[in-house]
Structure formats: C-alpha cells, structure tokens
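Reading through the structure tokens given below for one structure.
The values are calculated or read from the model by the stated rules, or taken from the named source; none is laboratory data. No experiment lies behind these values; they were computed from the predicted model shown. In this analysis, Cβ positions are derived from the backbone assuming ideal geometry, glycine residues included, and neighbour counts consider all displayed protein chains. With ligands, DNA and RNA removed, areas are computed over all heavy atoms of the protein, side chains included. Shrake-Rupley method; radii C 1.70, N 1.55, O 1.52, S 1.80 Å.
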Amino acid sequence: MNYNKPEYFVNRELSWVDFDDRVLEEARDKTNPLLERVRFLGITQSNLDEFFMVRIASLRKMQVVNYSEPDAAGMTPTQQLAALSKKIHQLVDKQYSTLARSLVPQLEKTDIRLLHQDELSKKQLSFVSQYFHQILYPVLTPMAVDTSRPFPFIGNNTLNLALRLVKSEKDETEEKKERRFAMVQVPDVFPRVVALPGDNQFMLLEELMKPFISELFTGFKVKEIKAFRVIRDMDFDVAEEDASDLMKEIVHQLAMRDHTSVMRLEIEATMSKNLRKRLIKALAVHEEDVYAIKGPIDLNFLSKLVKQVKDHDDLLFPPFKPYTQPILRTKDIFAAIRQQDIFLHHPYDSFEPVVQMVKQASIDPDTLAIKMTLYRVSSKSPIIRYLGEAAQNGKQVTVLVELKARFDEENNVHWAHELERKGCHVIYGLVGLKTHCKLLLVVRRENDGIKRYMHMATGNYNDVTAKGYTDMGLFTADPKMGVDASNIFNMLSGFSEPDHFEELNIAPITLRPFLNDRFDDEIKNAKAGKKAIIRMKMNSLSDKQMIEKIYEAAAAGVKVDIIVRGICCLKVGIPGVSENVTIHSIVGRFLEHSRIYYFYAGGEEKLYLSSADLMNRNISRRVELLFPILDPKVKAELWRIYNLMWDDNIKTRVLQADGSYQKVDRRGLTPLNVQDYLVAAAERKSQTPKVVPQPIDHFVPVQKNQDDGGDN
C-alpha cells in the first residue's frame with residue numbers, strides 16, 4: 001500500500017504552532033498557580049521568537065531562491081508562510097487576550113501590579129523621575145533619521161521606541177507637512193521590569209521612559225512615541241571545510257548574525273500609519289510578518305516579573321527536593337555501578353550523581369581517561385570545571401563540544417577554549433553532522449584489568465535544565481556497551497567508520513535500519529496473528545519514512561501508542577492506515593524531553609532509550625545514540641513510568657482525526673497528573689530512604705486508571 005500521500009501528513013511548521021498553543025493552554029488553565037500561568041505565557045513568546053529566527057527564516061530563504069518543492073503534506077514554502085502567518089496572528093491575539101482578560105486582573109487581585117504613568121503615586125512618580133534622570137538618561141542615545149543620518153541598524157530582539165517629532169515653534173499647518181523621525185533603543189543593560197516603591201508594584205522600562213523622552217530632543221515636540229521590536233534570521237549557514245576551520249567559521253557567523261534579514265516586526269497596535277510604513281520600508285519586512293500588539297511588546301518580560309514578585313510562594317509550584325537513590329549515596333560511584341545498572345529519571349531523581357561521576361573520576365588515581373560529549377551545558381557548569389581538573393591531574397580527557405548547538409554557540413565556543421586551556425583534548429565532531437548524543441565514558445585500571453564505566457542519557461549534561469526537563473539516564477559497566485562507546489569516540493575523534501555495534505546504535509549509521517528492523521518484526525508478528533505492540537515517547541515526530549513505517553505497522557494490526565510533546569506530522573484515524581495509532585501529548589510543569597522506544601518482540605519486550613527524536617535531522621544528519629535497557633529491574637521501573645505517563649488524564653491531550661488535540665475525558669477516572677505524582681513519589685522516598693522497591697513481574701501495559709501501587 002502507498003503511504004506516501006500528502007493527505008496522510010501534517011505540515012511540520014503548522015504542527016509546531018499547535019504545540020505552542022498547547023503551552024498557551026497552560027497559561028489559561030486556572031488550576032495552575034497564577035505566577036506559573038504567567039510564566040507559561042512568557043514561554044510561548046520565547047518559543048515563538050525562536051520559531052521565527054529559525055523556521056520562518058528557513059522558509060523565507062527557500063522563497064527567495066524560488067524553491068517550490070512541496071513538503072510531505074504537499075505545501076510549498078510560500079503556501080506554508082501564508083498559512084503560518086494566519087495561524088500565528090491568531091495565536092498572538094490569544095496570547096494578549098489571555099494577558100489582558102485573565103492574568104492581569106488576577107494579578108491585581110493579589111496586589112501584584114504592572115503600572116502605567118497615570119497610575120503612579122507621588123512617591124512612585126518621584127522614584128521614576130530619579131530613575132530616568134540619574135540612571136537611564138546618561139545611557140540613552142537618540143537616533144535621528146534624515147538625509148544625512150540614515151536609518152540606524154536595529155539589532156535582533158532589541159526593544160526600541162519610534163518617535164514622530166516636529167519643531168516646537170511650528171504651527172499646526174506646518175506640523176502636518178513636517179515629519180521628522182527618530183528612534184531610541186530601550187537599553188537592555190537595565191532590567192526590563194522596574195520594581196517601584198510599594199510591595200510588588202512594577203513598571204516596564206519603556207513605559208517609564210516615554211514621559212521623559214522629549215528631553216532627548218530639545219527644541220522639538222514629540223507627536224507620537226511607540227515601541228517596536230524586530231526578530232531576525234538567526235539560523236546558521238556554516239560552510240564546513242574541515243574541523244580546523246569550524247571554530248573560526250562559528251565565531252565569524254556569531255559576529256555577523258545580528259545583521260541578517262528581519263523575520264518579524266512587532267509594533268504597538270496604536271502606532272500611526274506613518275510610523276508603521278516607515279518601519280516596514282526601512283526594515284524590509286513582509287507585511288504578513290508585521291504584528292500589531294495590543295499590550296506590552298515582547299512577553300519574555302513575564303518570567304522576569306515572576307522572579308521579582310515577593311512573598312507569594314503560594315502562587316508558584318511548590319518546590320521539591322530531587323531523590324538520590326541509596327546506592328548512589330556512597331562515596332565510590334564506580335563501586336555502585338559495578339554492582340548493577342542504575343536508572344535515573346530527572347528531575348525527580350537528582351542530577352548530582354552524574355556530576356559526581358565526573359568529579360570522582362577527576363581525582364581518582366585509577367582513572368586513566370574520561371571521554372564525553374557536550375551539546376548544551378549551563379553557563380557555570382560544574383562538569384566543565386571537573387573535566388579541566390581531571391586533565392590537570394594527568395587524566396586523558398577528550399571532550400566533544402558541539403559548536404553548532406543552536407543558540408548555545410557562543411557559550412560552547414567559550415567552554416571549548418576553557419577546556420583546551422586546561423589541557424583537555426577538544427574535538428568538534430564530524431563534518432556536516434551535529435553531535436547530539438549524550439555519552440560519558442570513564443576508563444579505569446582495576447585489579448582484574450581495564451574497565452569501562454558509562455553514563456548514557458536522553459538529555460544534555462546541563463545541571464540547570466535537569467531541574468526542569470524530564471530526561472532519563474543510565475549508569476552501566478556493561479562490557480559490550482563499553483566497547484561500543486569506545487568505538488563511538490574513536491569515530492568522533494578519528495577516521496574510524498564502524499558499521500556494527502554490539503549493543504548501541506548510532507545515527508546516522510545504524511539507528512534508522514535498526515528501528516526499521518524492529519518495526520518489521522512487529523509487522524511480521526501482527527500478520528501472523530500474534531500480539532504486536534510498539535510504544536514510543538519523543539519530542540517530535542516528523543521523519544517521513546518513519547511515519548510511513550508507523551502507518552505500515554498500524555495497517556498490519558500493530559497497536560502503536562506514542563507520546564509526542566511537540567511536532568507531530570502523523571495523522572490518526574485514517575481508515576485502513578492509522579486507526580491503530582494513538583497519539584498523546586503531555587504539556588505540564590516540566591518539559592517532557594525523554595525518548596523511549598519499546599517493542600513487544602513476541603514477548604521478549606525490548607526497551608530502549610535514545611537522544612534521538614523521529615525527525616529526519618536526528619536520524620540522518622546528527623550523531624545520535626540509542627541504547628538498550630537490559631537489567632530486568634530497570635526495565636520494569638522504566639515501563640512503570642511509561643504506563644503512568646500514558647495514563648495521565650490531566651496534562652495529556654489526545655490527537656484527534658481532525659488534527660485537533662483534546663483533553664482526556666476524565667469521567668469515571670481518578671485524576672492523574674503524572675508529573676505531580678512523580679514529584680510526590682520522589683518526596684516520599686526522600687523522607688523514607690529505606691523504602692523497599694516493590695517488584696513488578698510483568699511489563700504488560702496497565703489499563704486506564706489502574707494503580708500499579710509503586711512509587712520507586
């Protein structure tokens with residue numbers, strides 16, 4: 001059967017907008033704490049900004065070169081841009097109605113206020129005046145635009161004030177003829193949210209500036225002053241000749257990045273036609289990429305507002321302390337790993353043992369070498385520090401730093417230089433491929449010979465995001481995986497081209513054929529009348545060939561359950577094609593980031609974790625890792641967690657045949673928010689460290705709302 005039909009696919013970019021709308025639902029959900037709702041609204045803005053910087057930018061480039069090939073859903077770049085403009089304008093209207101009609105009134109009820117000039121008390125007016133004249137005024141730079149002073153460069157993601165001015169002595173008739181134009185950048189060296197005198201009283205910096213801005217233009221009257229912001233193309237086009245040139249090329253691209261084309265222009269909705277036309281012409285922006293905003297431009301300020309609110313912990317998610325398993329509380333983490341494979345589920349399990357593994361290896365006299373891949377790390381990464389100390393202590397330290405990690409390029413360039421300065425061998429991966437796998441290998445000399453210890457994970461070695469992303473990791477000393485890990489690092493650092501691995505699978509070499517084989521096994525069993533199940537979890541599902549494989553499996557009778565947080569280009573409910581496919585999406589307190597792949601395999605039940613989503617870029621253009629879960633106890637625990645996620649009926653949306661996502665009908669079901677459930681379980685285990693894990697003797701999926709009775 002032919003599954004390569006446009007009507008069988010959803011456009012990737014439109015699917016992403018649907019995901020951001022699901023995040024926006026969390027801002028509108030009154031069961032979430034108020035300040036968390038405010039934070040969710042801010043997240044939709046940062047998501048949208050990145051989407052314009054990368055995805056809209058990519059489509060615009062295709063349009064410029066007259067690329068007209070349709071995507072899997074049959075849409076050309078021009079058609080996609082038109083559909084996206086319509087859908088995103090609707091999303092933005094929804095963002096601002098959420099802010100104005102729901103969140104601001106609720107904040108005011110709790111005496112948290114974002115004030116305008118006419119709402120200030122005398123004390124606040126005095127403070128604002130002093131703030132402008134003593135702090136802001138010396139920094140501000142008025143930029144006039146006339147025949148001798150061309151339109152100034154406007155940097156990406158900068159907030160600016162556009163002004164229309166006239167000479168003070170002009171009469172009304174002359175004013176209409178004279179149109180002078182100027183701009184002032186809202187300085188980003190100061191907080192966007194200014195705390196005023198009074199508890200939880202705030203003002204946005206641009207609103208604070210507006211009443212005084214005429215002081216920068218002596219002899220002129222300000223007839224109009226409106227804020228605007230631009231988002232530019234931030235997608236890298238790195239020409240990789242070889243690894244030695246990559247660092248220079250990245251640094252060059254970083255320097256040039258701000259001078260790319262404008263992808264989005266946000267203006268105040270009340271801006272005059274005159275100012276609007278000036279900006280559109282000067283910035284060369286498409287009309288459909290202009291967004292007239294009915295409220296404060298750039299909702300990224302909301303996360304900063306939340307952080308400044310005092311004495312309202314009741315309006316936030318309650319804090320919790322991640323759990324550290326008893327076996328990992330030992331001083332010798334290698335002794336713990338020798339005993340058994342150890343599974344970690346962040347943020348419910350502490351990320352600290354991963355850091356401790358690197359720390360111990362850095363001072364361990366028996367450690368010979370540390371090899372590690374780094375994709376995104378925090379700005380003050382303790383792992384970087386310990387890797388440097390390891391090199392200074394005489395260990396052989398090899399670190400692959402992925403310079404092309406989008407929006408982390410500058411941070412990664414910094415850490416690459418820092419690691420090299422401390423004596424680490426730093427590599428930048430394979431030409432043409434991003435290295436996205438998460439792999440740590442420690443080689444030790446022990447009494448019985450050389451032994452390898454590994455940590456493999458679905459998420460980055462980032463101690464900050466590990467507190468907000470749900471990811472999974474495995475400590476193991478499995479000898480076969482150790483050999484595979486060594487071969488992977490040889491491939492990354494040298495000219496080795498292994499075509500076979502014992503236990504691990506690597507994209508772009510073996511991962512796709514390996515998954516195809518597992519699908520084929522399930523298809524074969526289904527056609528033979530045997531039980532056949534595929535269950536997966538990922539961030540995004542867009543790879544055309546893998547979607548066709550899912551259709552093939554479902555049509556053959558395989559039951560396919562998938563949890564997809566974001567993009568999903570697959571359609572459910574197509575008669576004879578995808579009636580056996582069910583798609584869930586969980587959007588909640590934590591960003592669901594783990595990747596799980598399960599195959600019933602005739603009762604053998606094979607379970608894998610991976611750094612890879614089922615996206616073409618992950619499977620074909622990145623170095624990704626898929627590793628098996630072999631320990632029965634770990635497999636049971638992981639499977640229990642998957643079933644809990646599948647049974648979530650509060651934060652889960654279910655994909656419908658019409659392409660919409662609907663909340664679970666909870667009638668007759670006990671409410672289950674899986675993230676809250678796992679937080680509570682981690683807290684209970686922290687309070688009672690001697691809890692004995694409850695055995696689970698089968699991996700058969702639980703029925704809806706069934707309580708499997710375990711917290712570990």
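Ala335 versus (1) under 20 Å from Met481 (Cβ atoms); (2) in contact with an Asp or Glu (Cβ under 7 Å, 6 or more places away or on another chain): which is the lone unmet condition?
Every listed condition holds for Ala335 apart from (2).
Here are some residues: Val587, Val623, Val558. Which one is in contact with a Cys (Cβ under 7 Å, 6 or more places away or on another chain) and either open to solvent by 10 Å² or more (accessible area, probe 1.4 Å) or of a type outside the set (S, T, N, Q) (or both)?
Val623
So which residues in region 192-221 are over 23 Å from Asp298 (Cα atoms) and crowded, with 17+ Cβ neighbours inside 10 Å?
Looking only at region 192-221, we keep the residues that are over 23 Å from Asp298 (Cα atoms), and these are 197-199, 214-221.
Of everything in region 192-221, those that are over 23 Å from Asp298 (Cα atoms) and crowded, with 17+ Cβ neighbours inside 10 Å turn out to be Leu216, Phe217, Phe220.
Taking region 627-636, which residues are open to solvent by less than 40 Å² (accessible area, probe 1.4 Å) and outside any loop (DSSP other than H, G, I, E, B)?
Phe627, Pro628, Val634, Lys635, Ala636, listed by residue number.
Where the second residue is in a loop (DSSP other than H, G, I, E, B) and modelled with pLDDT of 95 or more and the first is under 19 Å from Asp21 (Cβ atoms) and of a type in the set (D, E, K, R) and lies in region 48-74, which pairs have Cβ atoms under 8 Å and are six or more apart or on separate chains?
Asp49/Asn300
How many residues does region 421-468 hold that are among the hydrophobic types (A, V, I, L, M, F, W, C) and not in a loop (DSSP other than H, G, I, E, B)? So that I can check it myself, show each step before the final result.
Our first condition is that a residue be among the hydrophobic types (A, V, I, L, M, F, W, C); within region 421-468, this holds for 424, 426-427, 430-431, 433, 437, 439-443, 450, 454, 456-457, 464, 466.
Restricting the remaining residues to those that are not in a loop (DSSP other than H, G, I, E, B) gives 426-427, 439-443, 450, 454, 456-457, 466.
Final tally of qualifying residues: 12.
For region 641-664, which positions are hydroxyl-bearing (Ser, Thr, Tyr) and outside any helix (DSSP H, G or I)? Quick ask: steps written out before the conclusion?
Applying the first criterion (hydroxyl-bearing (Ser, Thr, Tyr)) to region 641-664 yields 642, 652, 660-661.
Within region 641-664, Thr652, Ser660, Tyr661 meet the criteria.
Does Leu114 satisfy the condition of being crowded, with 17+ Cβ neighbours inside 10 Å and closer than 22 Å to Glu207 by Cβ?
Judged against the criteria, Leu114 is a match.
Is it the case that Ser129 is over 37 Å from the mean Cα position of the chain (by Cα), open to solvent by less than 60 Å² (accessible area, probe 1.4 Å), of a type in the set (S, T, N, Q) and at pLDDT 95 or above?
Taking the combined requirement at face value, the residue satisfies it.
Consider Leu644 carefully, then state whether it is crowded, with 21+ Cβ neighbours inside 10 Å and not aromatic (Phe, Trp, Tyr). Before the answer, list the steps.
On the way: crowded, with 21+ Cβ neighbours inside 10 Å: no; not aromatic (Phe, Trp, Tyr): yes.
No: the conditions fail for Leu644.
Hey, can you tell me all the residues within region 1-47 that are without any contact (Cβ under 8 Å) to a residue 40 or more places away in the chain, open to solvent by 30 Å² or more (accessible area, probe 1.4 Å) and in a helix (DSSP H, G or I)?
Asn47
Residue by residue through region 306-354, note down the ones that are aliphatic (A, V, I, L, M), surrounded by fewer than 19 Cβ atoms within 10 Å (Cβ to Cβ) and under 25 Å from Trp639 (Cβ atoms).
Ile327
Looking only at region 95-154, count every residue that is closer than 16 Å to Leu216 by Cα and in a loop (DSSP other than H, G, I, E, B) and tell me the total. Let's see the steps before the verdict.
Residues of region 95-154 that are closer than 16 Å to Leu216 by Cα, as a first pass: 129-145.
Now drop any that are not in a loop (DSSP other than H, G, I, E, B), which leaves 137-141.
The total comes to 5.
If you take the residues of region 287-305 that are surrounded by fewer than 18 Cβ atoms within 10 Å (Cβ to Cβ) and without any contact (Cβ under 8 Å) to a residue 40 or more places away in the chain, which of them is nearest to Leu103 (Cα to Cα)?
Step by step, filter region 287-305, then rank; the result is Ala292.
Does Val560 satisfy the condition of being at pLDDT below 95 and in a strand (DSSP E or B)?
Values: at pLDDT below 95: no; in a strand (DSSP E or B): yes.
Here the answer is no, as Val560 does not meet what is asked.
Restrict the check to region 304-313 and report whether at least one residue is within 20 Å of Ile629 (Cα to Cα) and in a helix (DSSP H, G or I).
The initial filter retains those residues of region 304-313 that are within 20 Å of Ile629 (Cα to Cα), namely none.
No, region 304-313 contains no residue that is within 20 Å of Ile629 (Cα to Cα) and in a helix (DSSP H, G or I).
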